[in-house]
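Single-structure report; data block below.
The values are calculated or read from the model by the stated rules, or taken from the named source; none is laboratory data. Everything quoted here is computed from the prediction, not taken from an experiment. Cβ sites come from the backbone with ideal geometry, for glycine too, and all protein chains shown count toward neighbours. The protein model used for the area step is the full one, side chains on, heavy atoms only, and it has no ligands, DNA or RNA in it. Shrake-Rupley method; radii C 1.70, N 1.55, O 1.52, S 1.80 Å.
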Amino acid sequence: MAENRSALPALATALLVCVPVPARTPDDVVGGGGATVADAASVLLVACAAVPALRALRTRTRPLDAVAAAVLAAPAVALALATVASRDPAASLAGFARLLQVFVLVPAAVVLTLRSRRHLRLLAAALVAVALLQGAVGVHQFLTGTGASYQGEDIRAVGTFGPLDVMGMSTAVSCGIVIALAAGLAPPPGTSRRRRAAALAAAAVLVVPLALSFSRGAWISTAAACTAVLFLAGVRTALRTLAALAAAAVVLVGGAGVGGELVAERASSITQVAEAPDQSVTDRYAMWAAALAMWREDPVTGVGPKGFPDHRDTHASLALSAASDTAGAGHDFHRQPLLSPHNMYLLLLAEQGTVGALAFTGCWAALLVLGVRRLRAARGTGPGAGRRRDRGADCGLAAVGLLVLTCVDFLYADIGGPSTVLTALVLGLAARWALPPAAAGEPTTSRRREVCRR
């Protein structure tokens, strides 16, 4: 237990996401309130990571090599620049703190506190546990009619996140599917067939609450991430698994009727957004256009963090309804203001300009490239390969898959709500795989380059 002590803050942060959030109103959302228990745990996680970092400064050692430090620090520098250059720097401070927490501090803390592959697997297992719990709550909501309102019925699975955060459960479940699939396809040496089958079964079971979330963006991002994981695990494995998943989908949706008509209708609407978009799609297009208009006015540093809501109405078209209806899951009817473009890349462009967008996306691209490179090395042959040395291929598959999931999901969503902490942990897990700390007893980036050249 003592060897796992450093990982406990990260595990607690993940598990505390399941704590139900007190009922909020749109006024709370507008005011930026709604800090959760998981947010408080993330602060503790950062504090725990700061201790060894300060110790390293005193001893003049480097817990991260130059590449890792540059990748993690780039978003912070761009974010600070956008805040200083904001049209209202004081108002942008809250956005600066939130974005710094999610995209810099928590991921860096995960990198520093997870000191071994065992720690990575513990965090991955915690995320799967969160997904299973949220998924079970979501399925119960659908079956009992106690979920969020969807087409006049309280059947939308939202887990413990409530109707104001309808993407929360789908985010947790998507992460669980990707991690469980990776664990089933590339289990650590010595893993029994029963545990491997359990991992694949967990991934299959989680497809049901994902479907009942009625979240088109989550479906697309999960499909993209799972496809990436499958092909990284092997082409033959990918083809066999895709065939099995297709058969399972037919049985679950077509044969068993698990929300069959509603899911089919929602899925078909993905191809109809350009021809006959509903109001939610129209609102999204209008907000995307508003974000681009803000960027064109301030192309270098944007309007500043948290600046989108204040500048939305002056840049949006009359087609924007400005709010969406929310109800169900124990909450009264509310009109929830639309305070972001629901596209992380456009939000970065609007609020932080070209500098911020390039810094953030460059960071994620670097993590993806380095993660895939390390995964290929982990799955390669070499001395001791016959004994199936533990190279952490399961960790690598999960990390790369989660990063693909997040980057694709950002095309349809941005941060907000209790599930934001999950996003921070996912980025931290991906960064920990791609940029292992020098103190972890594993090769640093520069050392890995030497090994690759040899």
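Of note:
- For region 203-242, filtering for residues that are in a helix (DSSP H, G or I), aromatic (Phe, Trp, Tyr) and touching a residue at least 60 places away in the same chain (Cβ under 8 Å) leaves 0.
- Selection within region 275-327 - at pLDDT below 70, small (Gly, Ala, Ser) and open to solvent by less than 60 Å² (accessible area, probe 1.4 Å): 319, 321, 322, 323, 324, 327
- Search result, residues across region 79-99 that are crowded, with 19+ Cβ neighbours inside 10 Å and over 20 Å from residue 420 (Cα atoms): 82, 83, 86
- Look at region 51-75: where a residue is loosely packed, with under 12 Cβ neighbours inside 10 Å, no partner that is modelled with pLDDT under 90 sits 6+ places away or on another chain with Cβ atoms under 7 Å.
- Residues of region 328-362 classified as modelled with pLDDT under 95, farther than 18 Å from residue 416 by Cα, open to solvent by 20 Å² or more (accessible area, probe 1.4 Å) and not in a loop (DSSP other than H, G, I, E, B), total: 3
- Residue 200 vs. criteria assigned to a helix (DSSP H, G or I), of a type outside the set (Val, Ile, Thr) and open to solvent by 20 Å² or more (accessible area, probe 1.4 Å): yes
- Region 103-150 - residue that is of a type in the set (Phe, Trp, Tyr) and over 14 Å from residue 424 (Cβ atoms) and, of those, least open to solvent (accessible area, probe 1.4 Å): 150
- Test: residue in region 204-221 that is in contact with a Cys (Cβ under 8 Å, 6 or more places away or on another chain), among the hydrophobic types (A, V, I, L, M, F, W, C) and open to solvent by 10 Å² or more (accessible area, probe 1.4 Å): no
- Sole residue being part of a helix (DSSP H, G or I), over 24 Å from the mean Cα position of the chain (by Cα) and closer than 25 Å to residue 5 by Cβ, chosen from 133, 81, 120, 57: 57
- Selection of region 35-47 for residues being buried (at least 17 other Cβ atoms within 10 Å of the Cβ) and either among the basic types (Lys, Arg) or under 9 Å from residue 109 (Cβ atoms) (or both) yields 42, 45, 46.
- Matching residues, region 1-38, being at pLDDT below 60 and hydroxyl-bearing (Ser, Thr, Tyr): 25
- Residue, farthest from residue 242 (Cα to Cα), within region 157-174, restricted to residues that are open to solvent by 10 Å² or more (accessible area, probe 1.4 Å) and part of a helix (DSSP H, G or I): 164
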